[in-house]
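Colleague: Pasting in a structure now, in structure tokens, and then I'll have a few things to ask.
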Amino acid sequence: MSNPLLQSWATPFELPPFGEIEAEHFRPAFDKALEEGMSEVNAIAQNADEPTFANTIEALEMAGDLLNRVASTFYNLTGAHTNSELQEIEREMAPRLADYSSRIMLNAQLFRRIDTLHEKRESLGLDAEQLRVLERTHSNFVRAGANLKGADRERMAEILKQLATLGTRFSQNVLADEKEYELVLETEEELAGLPDFLVDAAANAAHERGHEGKHLITLSRSLIEPFLQFSSRRDLREKAFKAWIARGENGGETDNRAIIRETLELREERAKLLGFETFAHFKLDNQMAKTPEAVRELLTNVWSPAKKRASEEAAQLQKLANSQGENFDIAAWDWRYYSEQVRKSEHDLDEAELKPYLQLDKMIEAAFATAGKLFGLKFEELSGMPKYHPDLRIFEVTNEAGKHVAIFIGDYFARASKRSGAWMSNFRAQQKLKADIRPVIVNVMNFARGAKDQATLLTFDDARTLFHEFGHALHGMLSDVTYPSVSGTSVARDFVELPSQLFEHWLGEQEIISEYAVHYKTGKPMPQSLIDKLRAAETFNQGFATVEYVASALVDLELHTMPADKIEDIVATETDILDHLDMPKQITMRHRTPHFAHVFSGDGYSSGYYSYMWSEVMDADAFEAFRETGNSFDKQTASRLLENIYSAGGSRDPAELYEAFRGKMPTIDALLQGRGLGAA
């Protein structure tokens, strides 16, 4: 069989030849790639020559090229455009890839070479990036169990295989629940309160899922959140909200509760094998925060003022509902509906008035223009490129000198074959070890598509999400390091959100919003009066927003610090934690545990959901560096930002990188003030 995954790609910019790739190609491609990669690693381990940085660390950095290419293609597809065949292969590959990784990390011969180099690292004449790569490689091997002996080594390998399998099942279960749910609206009464843009988007969603002439609300955040915001049908709000928060706990094959319990038990066992008190202690040991205690202190310092503000907001919503003759207590499915009314009353700001000025295409242009003003980048859309779905938009990115920087792929619309949320990934990471390899970066969103021949309109939160993910994309595209293992977003988890959250700030800047926020029908710019209202309402509802986020982060932390054998019922444990926090009854976690993909689809954000807030402390302070110059696009500040943050990847310690940019580490005050929660 001719397998395109195993051939050289003669496509433009060596993009994957998606039109030629079938699901049946992946199994043999993985077989070949795993065999080839292991052969390369064994050759390094068995090298009779004395270990050197070149024949051991650099050789490891270059090993597994074919596997990287096959896996990046495969996992981008399973996230953004999957099907039952790919999901079956994904389930098969999870334990195989975990086993492959363990065979490398637990290879005693290989680790002896790395350990020898690490012991004499100061005398090897390494530059700063090389030293960082050596130290991170050594740390990764130790954290994977390289120092374990006998049965403990074997048990570690088995744990990692089981965790990989559980994470895959978890994410597929959430996707199945999201794909299954449909709230079909068939009458005018069921559309009560919905603005035109949402009616159009719901009609388009119904068309895409075969409900011609009707309207459909799915569990895509871009549909369900505005539905909860505007629908005057409380019964339908309750129905949709309960389905939204019940993902992963509906019984049957897609129920994630047992998976979570087993995951927590295995993570705890893994941590104890490595000598750590809890999984959170293990996970945070190589992050900026270092300890669960430091994370808890940050979150607690924010929790108290946020809960106080949320209580005030809840009382205001209750008063409004009562004034309208309602005699029920405000519930979680009521918050967004009455909050929207309060925002309109207090700030004269109506989402339905705002949204016509936030066209998806113009917001993409706005993100590109911001990158141009800061870093001199230009984006040219390409036609005739290979695509895994017709919706993709593909751009060549060049610098001021016209030199190729990256390929950027935008995949913006929700569909049943795509997992929920928004993320950045790559098909190819930047490096200069073998050659000057430029990256191929993708942003994946889940926006509700506008009706046929109509512009797709975003909420301001949607637009902020677009800027956020594009900040991650810039971190990947602007990477300028030698070694693949420290390229782009390969940084500490509580540092990786800094470039993305920082980039969000430019969305609200006058130069950007006045030029790119234009009405989709008239083309007229957003009136200054509306921009002023938007700015005045920046801290509106921040009690709610902060509580739903911090609650999720605290539950994540507590689940990974408490003894796993004390958790009999994961939902009951979640409830107990929230009760202990005195969680406002009108607010739920932003991500409830049974569908908390950040934490349980893999261990990327496990014990690490706090990292958005840790990074927010830095991003609030970092943007202040621009404000202090009086110019939010100040060239000198942008140059320091590029050198020390966006292009540096993981080539240096994150605190060192931040201090090189800002001159000091930040305090929590800028975060609290930015959220309108006072000072610490």
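Colleague: Suppose the filter is of a type in the set (D, E, K, R) and closer than 30 Å to GLU24 by Cβ; does GLU88 pass it?
Modeller: Criteria met by GLU88.
Colleague: Can you tell me which of (1) in contact (Cβ under 8 Å) with a residue 24 or more places away in the chain; (2) surrounded by fewer than 15 Cβ atoms within 10 Å (Cβ to Cβ) is the one THR165 doesn't meet?
Modeller: (2)
Colleague: I would also like to ask the following. Could you check GLY372 against (1) touching a strand residue (DSSP E or B) at 6+ places or on another chain (Cβ under 7 Å); (2) not in a helix (DSSP H, G or I) and say which number it fails?
Modeller: (2)
Colleague: Have a look at PHE460, PHE467, PHE495 and point out the one that is over 14 Å from the mean Cα position of the chain (by Cα) and in contact (Cβ under 8 Å) with a residue 60 or more places away in the chain. Walk me through how you get there before you give the answer.
Modeller: Values: PHE467 fails: over 14 Å from the mean Cα position of the chain (by Cα); PHE495 fails: over 14 Å from the mean Cα position of the chain (by Cα).
After applying the criteria, what remains is PHE460.
Colleague: Let me ask something else. Considering SER323, SER304, SER311, which residue is touching a helix residue (DSSP H, G or I) at 6+ places or on another chain (Cβ under 8 Å), surrounded by fewer than 16 Cβ atoms within 10 Å (Cβ to Cβ) and either farther than 23 Å from ASP461 by Cα or not acidic (Asp, Glu) (or both)?
Modeller: When all the criteria are applied, what remains is SER311.
Colleague: If you don't mind, another one. Considering every residue within region 89-102, establish whether at least one is free of Cβ contacts under 8 Å to residues at least 24 places away in the same chain and either surrounded by fewer than 19 Cβ atoms within 10 Å (Cβ to Cβ) or not in a helix (DSSP H, G or I) (or both).
Modeller: No, the conditions are met nowhere in region 89-102.
Colleague: Hey, ASP152 hits all of (1) assigned to a helix (DSSP H, G or I); (2) buried (at least 21 other Cβ atoms within 10 Å of the Cβ) but one; which does it fall short on?
Modeller: (2)
Colleague: Right, here's the next one. Please give the number of the condition PHE170 fails out of (1) of a type outside the set (S, T, N, Q); (2) more than 26 Å from GLY650 (Cα to Cα); (3) loosely packed, with under 15 Cβ neighbours inside 10 Å.
Modeller: (3)
Colleague: Output the number of residues of region 476-490 satisfying the condition of being within 13 Å of GLU58 (Cβ to Cβ) and small (Gly, Ala, Ser).
Modeller: So the answer is 1.
Colleague: Checking the structure you have, find out if any residue of region 568-575 is closer than 19 Å to TRP303 by Cα and outside any helix (DSSP H, G or I).
Modeller: There is no residue in region 568-575 that is closer than 19 Å to TRP303 by Cα and outside any helix (DSSP H, G or I).
A quick yes/no check of all residues on (1) among the hydrophobic types (A, V, I, L, M, F, W, C); (2) touching a helix residue (DSSP H, G or I) at 6+ places or on another chain (Cβ under 7 Å):
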| position | (1), (2) |
| --- | --- |
| GLN341 | no, yes |
| MET385 | yes, yes |
| ILE394 | yes, no |
| GLY410 | no, yes |
| ALA414 | yes, yes |
| ARG419 | no, yes |
| SER425 | no, yes |
| VAL442 | yes, yes |
| ARG449 | no, yes |
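Colleague: Quick check on region 376-397: of everything there that is in a loop (DSSP other than H, G, I, E, B) and over 22 Å from the mean Cα position of the chain (by Cα), which residue is farthest from GLU20 (Cα to Cα)?
Modeller: This residue is GLY376.
Colleague: Which residue is farthest from GLU396 (Cα to Cα), if the candidates are limited to region 1-52 and must be of a type in the set (A, V, I, L, M, F, W, C) and assigned to a loop (DSSP other than H, G, I, E, B)?
Modeller: ALA48
Rule-based calculations on the coordinates, nothing more; no lab input. Please read these numbers as outputs of a predicted model, since none were measured by experiment. FYI the Cβ positions are ideal-geometry reconstructions off the backbone, even for glycines, and counts take in every protein chain you see.
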